[in-house]
Amino acid sequence: MIICVGIGPGDMDFITEKARRIIAESDVVSGFEAVINFACDLIPPDATIISLDYANQMDKLKDVAALHREGKTCCVLFMGDIHFSGFQLWQRVEMACGHRVDSVPGISSVQILASRAHIYLDDTTSVSFHRRGQIDHLQRHLVHALKDGRNAVIIPRPWDFMPHDISAHLLAEGIPGEQKCEVWENLTKKEACWKGNLDQVRSDFSDMSIMLVRKTLPDSTL
C-alpha cells in the first residue's frame, strides 16, 4: 500500500485517528522535511524516512515507489489537507508509482481560519496559489469571487505571490482598498493575526500565512 496522508495544520490535536494509524503502520514515510518534523512523534522508530525537497522530488518519490513495489507499506505526508492545497505533489506521487494513489483527508488551515474568523465556507471562495506554473486563471477567479460579494480565503504562493502581492493585484483590479482583510500566520502553532484594510497589507508575512478578504456588507448589516 502507498497512500497520501494529510496531517492537518500543525497542531497534532487536529490530525485524524486514521492518519495516525496509517503513519504508525508504515514501513516508509516520505514528505517535505518540515511536514515530517510535525509528525515525527508518530513515525515508527524503525521506519525508513525519505525526505523531499523541491529539487529532488521525483527522484525521491521514485525511491518510495521502488520500496512500495518491494511490498513495503508507504505513506507520503502533506501539510493540512491534500485537496485544499497539494494536488501537484499528489500527481507526482502517482507519476512515480505509475498508478492511482489514494488519499486520507486532513484538516486544512482554510477550515481553521474559518473557525477563527467566524465565516462560513458556503459563503466563501477558497483559492490556493500554492502551486507551480501559471496562476492568472486563479487570479481572475479570486477577483470575480470578491466582486460577486463572497468572502475569499487565499493561500499565498511563497515567495512571489504573498499577501502584499495579492493585495496589490486586487487593488489594481478594482477591489476597494477599504475592504477588510486578515492575515493569519502559523495557525494552531504560535499563531498570530493581522487585521486591517486591503490597502494596508504588510510585506513581511511568513510563508506559513493564509489570507482572508471579507465580503463587503450592506450598511444595515451588523
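What follows draws every value from the coordinates through simple rules; no lab data is involved. What you are looking at is a predicted structure, and each value in this text was computed from that prediction instead of being measured. Glycine also receives a Cβ, built like all others from the backbone with ideal geometry; neighbour counts cover every protein chain displayed.
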Exercise for review: Considering each residue of the stretch 180-216, count those that are out of contact with any strand residue (DSSP E or B) (no Cβ under 6 Å at 6 or more places or on another chain) and part of a loop (DSSP other than H, G, I, E, B), and give that number.
Suggested key: 12
Revision key, fill the gap. The strands (runs of 3 or more DSSP E) lying wholly within the stretch 17-128 that contain at least 3 residues that are surrounded by fewer than 19 Cβ atoms within 10 Å (Cβ to Cβ) are 48-52
Practice item. Name, by its number, the condition in (1) closer than 16 Å to Thr125 by Cα; (2) in contact (Cβ under 8 Å) with a residue 40 or more places away in the chain that does not hold for Leu142. Key: (2)
Revision key, fill the gap. If you go through Lys180, Lys189, Lys195, Lys215, the only one that is surrounded by fewer than 21 Cβ atoms within 10 Å (Cβ to Cβ), under 20 Å from the mean Cα position of the chain (by Cα) and either at positive phi or charged (D, E, K, R) (or both) is Lys189
Practice item. Six or more apart or on different chains, Cβ under 6 Å: which pairs go from a residue in the stretch 51-79 that's basic (Lys, Arg) to one that's crowded, with 17+ Cβ neighbours inside 10 Å? Could you list them? Key: Lys60/Ile50; Lys60/Leu52; Lys62/Ala96; Lys72/Asp27; Lys72/Val28
Practice item. Please find, within the stretch 160-175, the residue that is farthest from the chain's Cα centre (by Cα) out of those that are in a loop (DSSP other than H, G, I, E, B) and exposed (fewer than 13 other Cβ atoms within 10 Å of the Cβ). Key: Gly174
Exercise for review: Please state which one of Arg132, Arg140 is out of contact with any strand residue (DSSP E or B) (no Cβ under 6 Å at 6 or more places or on another chain) and assigned to a helix (DSSP H, G or I).
Suggested key: Arg140
